[in-house]
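In what follows, a structure is listed as structure tokens, so that the remarks can point back to it.
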Amino acid sequence: MRPRTAPGLFASVTLVAATIAQGPPANGPARADAGWFALTGARVVTAPGQVLERATLVVRDGRIAALGDAAPPAGATLVDCSGLTIYPGLVEPFYASDVPALDATTDDQHWSPMLQPQRDARDGGLVAAADRAALRGLGFTTVACAPAGGILKGTATVVALDEPTPVSKPRIVLPRAYAVASLQRSRDGYPGSEMGAIALLRQTLLDGQWYERCQLAVAADPTLAASAPQPSAALQALVDTRQLPLWLDSEDELQALRLLRVAAEMGLRPVVIGSGMEFRRLDALAARQAPIVVPLLFPDAPDVATAAKAEAVSLRQLQTWEQAPTNSKRLLDAGVVVAWTTARQRDRKDFPAAVRKAIACGVSHDQALACLTTVPAELLGIADRAGTINVGRPADLVVVDGELFAAKATIREVWVGGVRHGLHAAREPRFDGAFRWVDGWPATTAAPTLTIDGDRLTAKCGDDSLQVADVARDLDALTFRLAGKPLGDVHGIWLRLRVRGDGLAGSATTTAGATSDVTFARGEAPAAKPTEDDEDFVPPALTPLPTPLGGYGAVEPSTAMEFAIVGATLWTSDGRGVLRNGAVVVRDGRIVFAGAKSEMPALGPSTAVIDGEGKHVTPGLIDCHSHTGISRGVNEGGQAVTAEVRVQDVLNPDDVNWYRQLAGGVTTVNQLHGSANTIGGQSCTTKVRYYVHDPEAMHFAGAPAGIKFALGENPRGANDRGPTTRYPATRMGVEALLRDRFVAAERYRREVASYDALPPKQRALTLPPRRDLELEALAEVLAGSRRIHCHSYRQDEIFMLCGLVQEYGIKVGTFQHCLEGYKVADAIRRAALGASSFSDWWAYKFEVYDAIPDNGAIMHEAGVVVSFNSDSDELARRLNTEAGKAVKYGGLAPWEALDFVTRNPALQLGIFERTGSLTAGKDADVVLWSGDPLSYAARCEATWVDGVPQFSLARDAELRAGIRQERTRLLQQALAAGGKGRKAKPMDPKDAYWAAEDDTGAYCCRTAEDAR
Amino acid sequence: MNHPARSCRRRAAFATTLLLTAAVPAQDLLTKAAPQTAPILLHNGVLHTVSGGVVLGGSLWLENGRIRAVLAAGEQPSPPLGDDAIVIDLQGKHVYPGLISAHTSLGLVEIGAVRQTVDTSELGELTPEAIAAVAVNPDSAAIPVARANGVLVAATFPSGGLLPGRASVIQLDGWTNADMTVRSEAGPVVAWPQQRHGDGLRRGRRGPASGDDDAGDAVAKQRQRIDLAFTAARAWLDARSADAAVPIDIRHAALVPALRGEVPVFVLADELEQIESAVAWAARRQLRVVIVGGRDAAACATLLRERDVPVIVDGVHELPRREDSAYDEPFTLPARLADAGLRFCIATGQDFSFDRNLPYHAATAAAFGLDRERALAAITLDAARILGVGDRLGSLEAGKDATLLVTDGDPLELPTRVELAFVGGRQVTLRSKQSELAKKYRERYRQQRGR
């Protein structure tokens, strides 16, 4: 019984008259089907939790005309729904539909093809034909179509899942429901990174606001029209859609948070289109209180076919695989408004099974129904016309044999606007049931018993099954062929049966040509079907998950410890040098005492005392050049100047390298943009608070702003393969570009200042300057409120920037790398707050051929504030011994050398008031070492950030044991899942889940080769 | 600072050596050391022999480029030294055998990103005919830089492809590469292909990723190609042994010492399956093998012990292999190998610019569980033995090359300075391009202050 959409199944009975009137002339007589139905005897679920038993639902002219226990009206076609349940049609809130890209050559387009907010889903094909059938097959009747592709994609249209005909278009439920944004990256241009995409989104939304303000100004003073901004369809669309919610199409949970940050800045009403991975940052997302449209897309079991493959799977991947089905349950429990979407399903056929998994994890049936009806309707602003069954609404109905979410449920019919779409319709007459043979059989063998259940027909002789083939039915007859051993030498018997009374009657013919009339009588109901595949799904326990998810996360949020380390050697980094037999006391996240043990204040009873005998304590180490934990691209290399991009937008708190660096005593880092362009993005001073739930809590609040500049080979593209096509190609061009942007920023600053100085009344009559995030950041540089961290190697380029900033009366924050800094240390001392260098890297490219390990010491001797940094996830774990190299090369005192990774980077980053030394009143960023921290023999034993324990050898040992245990448990599960005939598919690295694991893209500070 | 005093019978030789050069630009312009012409007695030092414990107040008698004798405290050379001998009072300083960087590209690369200066990779996947020593640039500025921190010997490796050539052991002083070569053919290098899985090692190009189509097949084919090179060489050797008219094929000839077991095959392998399959292959082909990398070697210790396969740990300062790995996994690798009873030595990884940090890789291994004496051996004698030069280098023993250094302390500690170094009895300068640049620019600020 294969054919599910046989001709005649779609009883296209009614069309809304208004649609006909607007359409082309009919090709033939006009149709006037009655369109008047009474669905009787059904159980009607009108809304989640609201049920009418044995009700009659009257449909007329596409709408629900009546609902209740009144008798069906005379004249209505009766549809017997006894034993069936009627649900409201499901609402799909997000369907990515193809809308043609706009002609980029016209003047009123945005320069970036990623920005086409003026696109409208109605300009495209809406729901593709195959998807219409697939969605209806799942019970959907209403779909919001959103244009696919780009960063600002356009507006979504809600349509009914009608089958359009030559004379009718799909019913538009709501022409413009929401606008859609994503963080799509360009393959070969700007933005090539996630932070670039965020910057472009932010700038464009601001442009929309500015465009509107200009319009208001022109309205107030029409003479301004001449100098008003050029007409822009893109910006006009932003003005026009300002009142619509902005739906944020996210690739993972961190991206969702990032998009929500932008929406909050712009005062927009956001709805997140999720990834299914929200449970990994549950608390942070729940705190944002934005509704989330959740896909029910659960990863396949990881491929653990070999020991090597199993080893390559991380605990985080295993946990993600295990816990993904609990996502909705966890979100709902956290109070998040959840709607479901099929949008990211690899195959929509998997959706019902996924729903059942979510329900198995604890989502109630009512919640599930709400996720598919009332909630999406509410989010789309169509709750008055979709999502529930109410008299007067379009007849969007799902008729189900069974509970909608049960494994065995069959959707019989879907009604869209009163039009009936049969799916697995129990067609009249009904053949279902168990039948025993009564009379007539053309062969000498025993006759069979038949069991018919919808599409499935089984036949048995006694306990032996027969082969059933070529099952077909026409209007009144069921035909099929039986074969098999129990039929003896008869290879096949053809049967043609019709309903007669309560049984079946017809004829049977053998291959030998013998034909008999046969009759079957209704017998015992068939035994329950064996359980289906997905019903052996065992939902995982809903225990709290660690943050970050993975082996080194913590379930309980860690709090600041009250403790004292007594008897240790203190490396104060605050001018007091190294104190033997000292003590450090920490309370409420601050150092309350750091000094001689003999002067230590009395400790309270709640203070944990750590014996520091023979040990050393240093301030938390500071890495002044880090690219750790930056999602999807360290460089925005799409343009030569990208001052508008912000590393802080893409901080990745899940990077396990944070933990590894804590194990090396690092507590604060300067997260820098890469060096692919002359003016790179804004940097982020970050505290390594590994266990916080909200990534933004890692930002070092109050730290001065920074920005990356880059000189020399990298911004020239000198080490790239292929020809250089982007300006600048020489160090001359680098200087010229910097100068050009400084000039522009200066002009911008003046424009903004003069506008801001206007009295409010006059301001309303003046065209406002466009807020330019690139120039704004550079204006901050010129105002001295944003520190330049400049990638540099050769003395000439260093000297050049020293001169240029002096012309503007400002200082460079740090020269980064600065490997020839020793040649021009005097210029650096005058023009920069400091230099942050490698201890001993050299020879990896031409411009570092003159690098020497005495560089730090020589600059230090010349009065430069010097730090040593890592620029490497690996080296960052050993900053203490990097500092030790300043003793080896240049003969600094050990305490001076340690300053290279404590006090000095703190000064360079403007955070020495808060961290970088063991001084009472400062943040309790403290590291306990087993010995002299400048020696390779020392091990970091414990690290605190703000007094919160972040690492200790004891806890590390516990974590390792925990990882072994959890991995064992989950690998066994993965093996079991892979061993049940469901072939474990290797995880697709392009899959959104795993794309979340970072790929840090192009080169940062060494060369292109290194990064690969 | 307390430099060893030269209470010499002849002083002049050293002074001239050290005065010859001033500016040192893009290459090493320092004069090479003169051959040892007179006996040298390094007197009154702490001799860290590596092979025979520590001799307090001992003396080293160097003659004709070799260690003639290790003398205990108070022991006098016998026969007594002649008048031409140079006696250096070490005043209790420490003497160590020259450190050996067992896996590097030193001499083959001048500047990583400048293609014209990179001589590591010959065209083709299988190029056993290539010999590293042939392309070592004696005037590479990187050589004196490594030497200044006590690295006096290096095994420099060709790289890229499946069988990129033969590694060579060089000493870090010499007018020509012939002067520098200790062992031209230390052994062929094989990059054993391995399927990469998930978030595993990102370094190296040792095989296609598991996401690639037919990655397993590709790996098997690459392994077969390596095997075929050795099979063909064996066939050629048999044929030519039987019939001298068989023409010479330098590719096959290049593998003959390895086929005869005279040299090991250096197999780059980190992962368990990779190591196991490489060792099995070598056993079948009756090859001696040294594993370079060996991140998983402790997991197949029994196999490696049985077949006496040593490991060159390719850098201790590395990231853990997997997200879930312990943070100190690479730091504890040498200790784990030691506990498993394996022979191993420690290298810095192929990037030559980090060779000078060799003692610190050993020091980190020591901080994370490796016995300190064993850590020293891992960058001296154990390295020499694994590289096939244990008879000449790696320890302070009579008869070995006089390749050694004098320090003011433990070389595994950062502040320790190398004060004197000898390569084959020649006292080499510890200056370098870098020390000269430091001096030059310190002079700039001295001039400024003088104004």
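Some observations on this one:
- Folded to 0 to 90 degrees: helix B:215-242 orientation relative to chain B principal axis, Cα: 70
- Convex hull of the protein assembly as shown built on C-alpha atoms - directionally averaged projected area, nm²: 72.1
- Neighbours of B:Val423, meaning other residues whose beta-carbon lies under 9 angstrom from its beta-carbon, give a summed charge of 0 when Lys and Arg score +1 and Asp and Glu score -1.
- Whether the range B:48-106 is rounded, prolate or oblate, judged on the alpha carbon gyration tensor where a/c under 1.5 counts as rounded: prolate
- Stokes-Einstein, applied to the Kirkwood radius of the range A:846-948 over Cα pairs at a viscosity of 1.567 mPa s and 4 °C, places its translational diffusion at 89 µm² s⁻¹.
- Exposure proxy ranking, count of Cβ atoms within 10 Å, fewest first, for A:Glu774, A:Glu278: A:Glu774, A:Glu278
- Of the cross-linked pairs A:Lys687/B:Lys439; A:Lys615/B:Lys433; A:Lys329/A:Lys408; A:Lys169/A:Lys408; A:Lys708/A:Lys761, those separated by over 30 Å at the C-alpha level are A:Lys687/B:Lys439; A:Lys615/B:Lys433; A:Lys169/A:Lys408; A:Lys708/A:Lys761.
- The amide H of A:Ser836, built 1.01 Å from its N in the peptide plane, has A:Phe815, A:Gln816, A:His817, A:Ser867 as neighbours under 5 Å, considering only residues 5 or more places off or on other chains.
- Over chain A: helical MRE at 222 nm, DSSP H runs n ≥ 4 each giving -39500 (n - 2.57), nearest 500: -7000 deg cm²/dmol
- Antiparallel DSSP beta bridges within the protein assembly as shown, as percent of all bridges there, nearest 5: 65
- Kyte-Doolittle mean at least 0.0 and Cα axial length at least 20 Å: DSSP H helices in chain A: A:194-220
- Between A:Lys922 and A:Ile591, the built amide H atoms are under 5 Å apart, and every one of these is 5 or more places off in sequence or on another chain.
- Using distinct alpha-carbon pairs, which all enter the 1/r mean, Kirkwood radius of the range B:99-393 in Å: 19.2
- Of A:Asp350, A:Asp401, A:Asp252, the sequence from fewest to most neighbouring Cβ atoms within 10 angstrom is A:Asp350, A:Asp401, A:Asp252.
- With N as its number of residues, the range A:269-415 has a Cα radius of gyration that, divided by 2.2 N^0.38 Å, comes to 1.17.
- ³J(HN,Hα), Karplus 6.51/-1.76/1.60, whole Hz, each residue of the range A:553-559, x for Gly, Pro: x, 10, 7, 8, x, 7, 10
- Quotient of C-alpha Rg and 2.2 N^0.38 Å, computed over the range A:242-293: 1.01
- Viscosity 0.692 mPa s, temperature 37 °C, Stokes-Einstein D of the range A:135-234 from Kirkwood C-alpha radius, µm²/s: 195
- Listed by Cβ neighbour count within 10 Å, with the fewest neighbours leading, A:Tyr190, A:Tyr822 appear as A:Tyr190, A:Tyr822.
- Ellipticity estimate at 222 nm from DSSP helix runs (n ≥ 4, -39,500 (n - 2.57)) divided over chain B, nearest 500: -8500 deg cm²/dmol
- With a Förster radius of 56 Å applied to the C-beta separation of A:Thr106 and B:Glu276, the computed FRET efficiency comes to 0.30.
- Summarising the amide proton neighbourhood of A:Thr547: residues at separation of 5 or more, or on other chains, whose placed amide H is nearer than 5 Å comprise A:Ala554, A:Val555.
- Computed from backbone phi with θ = phi - 60° and the Karplus coefficients 6.51, -1.76 and 1.60, the 3J(HN,Hα) list for the range A:384-397 is 7, 9, 8, x, 9, 9, 9, 4, x, 8, x, 7, 9, 9 Hz; x is used for glycine and proline.
- Calculated P(r) of the range A:433-524 - Cα pairs past 15 Å, %: 55
- Around A:Ala286: net Lys/Arg minus Asp/Glu count, Cβ-Cβ under 14 Å: 0
- For q = 0.10, 0.16, 0.19 Å⁻¹, Debye-computed log10 I/I(0) when each Cα of the range A:33-164 counts as one equal scatterer: -0.49, -0.85, -1.03
- Environment charge of A:Asp517, counting only residues whose C-beta is closer than 12 Å and scoring Lys/Arg +1, Asp/Glu -1: +2
- One quarter of the surface of the convex hull around the alpha-carbon atoms of the range A:746-787 equals 3.0 nm², the direction-averaged projected area.
- For chain B, the relative contact order works out to 20 percent when only alpha carbon pairs closer than 8 Å and six or more residues apart are counted.
- Relative contact order computed over chain A (Cα-Cα under 8 Å; 6+ residues apart), in percent: 11
Rule-based calculations on the coordinates, nothing more; no lab input. Owing to the predicted nature of the structure, the values given are computational and were not obtained by experimental measurement. Glycine also receives a Cβ, built like all others from the backbone with ideal geometry; neighbour counts cover every protein chain displayed.
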